[in-house]
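The values are calculated or read from the model by the stated rules, or taken from the named source; none is laboratory data. Quick caveat, the model's predicted, so the values are computed rather than measured. Positions of Cβ are generated from backbone atoms using ideal geometry, with glycine treated the same way; all protein chains shown enter the neighbour counts. Note: accessible area is taken over every heavy atom of the protein model, side chains too, but ligands, DNA and RNA are not part of it. Shrake-Rupley method; radii C 1.70, N 1.55, O 1.52, S 1.80 Å.
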Amino acid sequence: MKLFDLLEQSLDTPSREAARPEPEAELRWAEESGAGLSTQEAARRLAKEGPNQLQARKRASAPALFLAQYKDIMTLILLACTVISLFMGEYVEAAAIAVIVLMNGVLGFIQEYRTERTLEALSRMASPTARAVRDGQTLRIPASELVPGDLVLLEAGDRIPADGALLEAAALECDESMLTGESLPVKKLAGRSREGMVFMGCTAVRGRGRFRVTSTGMKTEMGSIASMLQTIQPEQTPLQKRLSQLSKYIAAACLAVCAIVSVTGILRGEELLEMLIVGVSLAVAAVPEGLAAVVTICLALSVSRMVKRNALVRRLYAVEALGCATVICSDKTGTITQNRMTATEVCLPSGRVPAGQLRGDEPAAALLLQCVTLCSNGEGSTEEALLNLSAGLGITPAYLEAHGWKRISEQPFDSTRKRMSVICEDSRRERWLFVKGAFDLLLERCTEYQDGDTVRKLLPGTKRRFLEESGAMADGALRVIGAAYRRITPLSPGEREEGLVFLGLIGMIDPPRPEVRRAVTRCRQAGIRPVMITGDHRNTAAAIARQVGIWHEGDQVLTGGELDQMSQEELSGVVHQVSVFARVSPSHKLRIVQALKRRGNVVAMTGDGVNDAPAVKEADIGVAMGKTGTDVTKEASELILLDDNFATLVNAVDEGRSIYANIRKFIRYLLACNTGEVLTMFLGMLFGMPVILFPIQLLLVNLVTDGLPAIALGMEPPDPRAMSRPPRRPGESVFSDGLAFKILFRGAFIGLATLASFTALYSLTGNPDAARTGALFALILAQLIHVFECKSEEQNILHIPYFNNKKLLAAAGFSLALLLAVIYFPPLQAVFSTVPLTLSQLLIPGGFCLFAPVLNIFFTRPRLDG
């Protein structure tokens with residue numbers, strides 16, 4: 001059988017450029033020309049129709065957020081008591097309390113407002129986009145900027161950004177279950193009624209298409225159910241839920257102690273209103289009612305820092321899970337490798353040759369290049385490499401189109417079939433089926449092969465030779481693509497991908513990212529096992545995994561075919577020995593995640609295609625690709641890698657561990673300080689001592705210690721040793737590893753240091769105001785010393801890195817300066833009932849405050865490694 005003439009000459013058809021129509025004819029012109037709307041017309045329609053958004057749940061305004069700082073019941077009681085004391089003539093004290101309460105509210109408002117803005121910015125970064133045609137160019141724009149009349153391109157995995165009418169559909173199927181409840185995908189056909197419409201919020205699960213936007217925003221089908229979406233409240237993270245519950249228990253205990261303090265003082269003859277204010281002030285200072293809220297602030301600010309390292313956290317609870325990850329399952333292409341394909345070798349029946357030495361006048365080579373050119377859309381690095389190879393020999397889509405070739409239909413590539421096929425018509429109106437895809441799977445569908453200009457029967461020996469050649473190419477870390485064709489005749493009609501004529505193999509190199517090998521090493525040091533999952537051939541996958549350190553001698557490599565032969569129990573039995581999964585489909589990914597979780601692993605799984613979404617959703621940490629990921633996979637994920645880089649995922653784990661460690665530091669500090677404050681007042685009353693601190697002094701303590709230093713502590717930089725420790729256990733208490741004991745121990749010493757300072761100065765001077773001033777100095781100084789102790793759970797004050805957190809130094813410096821101003825600035829002395837202390841008197845509380853940190857030096861063995 002002779003080879004048909006590939007590049008038959010055809011008449012050139014003159015081209016003419018259409019004039020741009022007036023705005024009223026823009027829509028019809030956009031459809032006919034395929035150029036889409038002009039930028040100016042799109043802007044005009046956006047101004048008229050408004051953004052393509054559903055009405056969001058109304059967020060609190062800045063004034064409402066500010067007023068919310070004063071809704072706490074203890075704060076309201078304190079303000080009420082302050083008003084009463086004002087009417088009783090206590091003007092200075094009442095005004096001072098009001099100012100401090102106001103300042104506390106301002107600090108809380110600033111932090112919450114900043115957190116709200118940060119979370120909104122993160123939300124905007126994760127918002128959907130659309131591929132629209134504007135001014136004849138395909139652009140990726142925010143979906144909110146779409147307007148009626150826009151031309152939008154769809155492919156599998158896209159979330160449909162607006163309602164529209166299909167103008168073109170190639171094997172397009174959409175999941176419309178969120179509108180109709182129908183679980184099966186709906187086949188779409190251009191130019192039909194319901195079948196020719198696509199709807200906002202639904203998903204393209206297969207094929208591709210092009211549609212004209214007909215409705216946006218609240219005018220879409222989805223807009224009719226927007227009111228239901230507005231009622232959905234943001235979910236708290238598991239840690240926030242646990243801390244909210246814990247705060248209630250601590251609050252109950254603190255309130256009981258506060259009540260005892262107030263009642264004891266009244267029974268001893270203290271003034272009723274004064275003791276009531278003391279009790280309420282102590283409650284305001286000591287009750288950690290905002291513990292969960294401050295954790296949210298720390299999470300939000302830290303997550304914004306992660307964005308700078310190209311990791312976008314979509315759900316805050318992912319930060320907790322990141323610190324527990326024991327296995328990272330990563331795609332190969334674009335994540336471990338650079339996703340920069342270059343064709344380096346071509347294997348024809350006549351033999352294997354370097355791509356640079358391929359000759360276009362060889363019939364089989366020309367037909368191979370024509371096949372991959374017609375069977376490509378120019379999307380992705382693989383197709384770009386194939387088109388570049390063909391263009392080097394003068395075979396381009398434009399050249400083939402000029403010589404009479406046109407595409408009739410397409411079966412898009414998907415990760416299950418692992419191939420793409422098109423039906424094309426030549427200038428003689430004869431039709432051909434061209435196929436490209438995974439060579440080993442494609443070879444099984446071939447019965448003949450092209451040898452020069454002759455088609456020969458594909459015998460077992462020849463098939464074996466092709467497989468050996470492909471194996472050798474794969475061993476060299478090449479991705480190998482096969483190509484085949486079939487002439488469509490009355491005896492062999494339709495799109496059936498069987499009885500094909502094999503054309504040859506093309507090997508492409510996609511080098512590993514240079515930073516991945518070090519990231520893999522960091523994973524292993526951190527007790528995390530990296531696993532590669534790819535659709536590539538076993539040999540290609542193993543070669544790349546060996547280069548980056550994922551595969552070691554003795555590790556297993558499993559293929560999708562082998563997985564199909566295993567039960568889930570059998571897979572769970574061997575999954576811990578497998579470092580590379582090759583030729584897998586998305587359904588295999590789901591099984592792998594389930595098997596790993598069954599063995600007690602905390603699994604991070606990357607994905608980009610629409611069919612990866614179930615595995616990404618099943619994983620403890622679902623990770624989507626920011627550049628190549630589909631909308632569906634991004635929606636299913638907790639984390640998006642903005643640069644599609646494996647090293648970024650490892651950095652995110654590092655950040656996740658550090659953020660969780662910072663939350664522990666913050667909790668340790670806050671609860672220890674609150675414990676010290678409560679013990680100071682409770683034991684003072686219990687032992688019959690005068691009132692240790694006045695209400696205004698308690699509120700000052702709350703202002704200078706619970707505010708800026710606590711937040712600054714939550715912004716500690718990542719610990720360089722975080723990735724040298726094993727993963728945190730899932731479900732582990734935030735108080736694990738002796739943190740609860742440390743809190744109670746230091747809280748007790750803070751309280752005892754304050755009481756000892758009061759007692760010593762009272763005995764030395766006989767002046768209760770001097771004693772209270774010393775107690776105030778001791779309580780605040782002890783807490784400021786402890787904030788630096790909380791920087792590390794393993795090192796004492798001699799080995800703590802003091803200067804790696806400038807925010808904390810500034811906050812502590814400001815608090816100390818304010819304390820000294822209260823003691824030595826006469827106008828503030830009158831407000832806070834303090835007296836100036838001599839240096840020798842200051843050394844007394846200073847010595848008591850240093851007792852616990854110095855004692856800790858002898859009981860803490862510092863870790864200087866790592």
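Details
- Cα centroid of the range 752-786 to Cα centroid of the range 792-860, whole Å: 12 Å
- Residue-count net charge about residue 617 - beta-carbon cut-off 10 Å; Lys, Arg +1, Asp, Glu -1: -4
- Accessible-area order (highest first, 1.4 angstrom probe) of the listed residues 218, 306: 218, 306
- Annotation: extensible slack from residue 307 through residue 825 equals 182.0 nm (criterion: 0.36 nm per residue apart, minus Cα-Cα distance).
- Between residue 804 and residue 577, the distance separating the two model label sites (each 7 Å from Cα on the Cα→Cβ line) works out to 4.1 nm.
- Global geometry of the range 365-493, whether rounded, prolate or oblate, following the gyration tensor of its Cα atoms and the 1.5 cut on a/c: oblate
- When the square roots of the Cα gyration tensor eigenvalues are ordered a ≥ b ≥ c, the ratio a/c for the range 779-866 is 1.5 or more and a/b does not exceed b/c, which makes its shape oblate.
- Peptides 712-719, 479-486, 515-522 ordered by packing proxy, namely the average of other Cβ atoms within 10 Å per residue, highest first: 479-486, 712-719, 515-522.
- Protein-only accessible surface at a 1.4 angstrom probe places the residues 551, 432 in the order 551, 432, largest first.
- With the highest mean first, a sort of the peptides 148-155, 404-411, 322-329 on other beta-carbon atoms found within 10 angstrom per residue produces 322-329, 148-155, 404-411.
- Near residue 385, once Lys and Arg are set to +1 and Asp and Glu to -1 for all other residues with Cβ below 15 Å from its Cβ, the sum equals -3.
- Overall form of the range 431-547 per C-alpha gyration tensor (a/c, 1.5; a/b vs b/c): prolate
- Per residue, the range 447-494 exposes 48 Å² of solvent-accessible protein surface, assessed with a 1.4 angstrom probe and all protein chains in place.
- Length gained on full extension, residue 165 to residue 517: 121.9 nm, using 0.36 nm per residue less the C-alpha separation.
- Computed about the Cα centre, the dipole magnitude for the range 529-601 is approximately 260 debye when only Lys and Arg (+1) and Asp and Glu (-1) carry charge, each at its Cβ.
- The HN-Hα couplings worked out from phi for the range 390-400 by the Karplus form 6.51 cos²θ - 1.76 cosθ + 1.60 (θ = phi - 60°) are 5, 5, x, 10, x, 9, 10, x, 5, 5, 5 Hz, whole numbers, x standing for Gly and Pro.
- For the range 819-830, 3J(HN,Hα) per residue [Karplus equation, 6.51 cos²θ - 1.76 cosθ + 1.60, θ = phi - 60°, Hz, x = Gly/Pro]: 4, 5, 5, 5, 7, 10, 9, x, x, 6, 4, 5
- Virtual spin-label span in nm between residue 444 and residue 643, 7 Å along Cα→Cβ: 3.9 nm
- Evaluated with a Cβ-only charge set (Lys, Arg +1; Asp, Glu -1), the range 561-665 carries a dipole of roughly 360 debye about its Cα centre, given to the nearest 20.
- Ordering 347-360, 693-706 by mean Cβ neighbour count within 10 Å, with the highest value first, yields 693-706, 347-360.
- Here r is the Cβ-Cβ distance between residue 818 and residue 214 and R0 is 56 Å; the resulting FRET efficiency, rounded to 0.05, is 0.35.
- Gain on full stretching of the segment that runs from residue 379 to residue 409 - 0.36 nm per residue minus C-alpha separation: 9.1 nm
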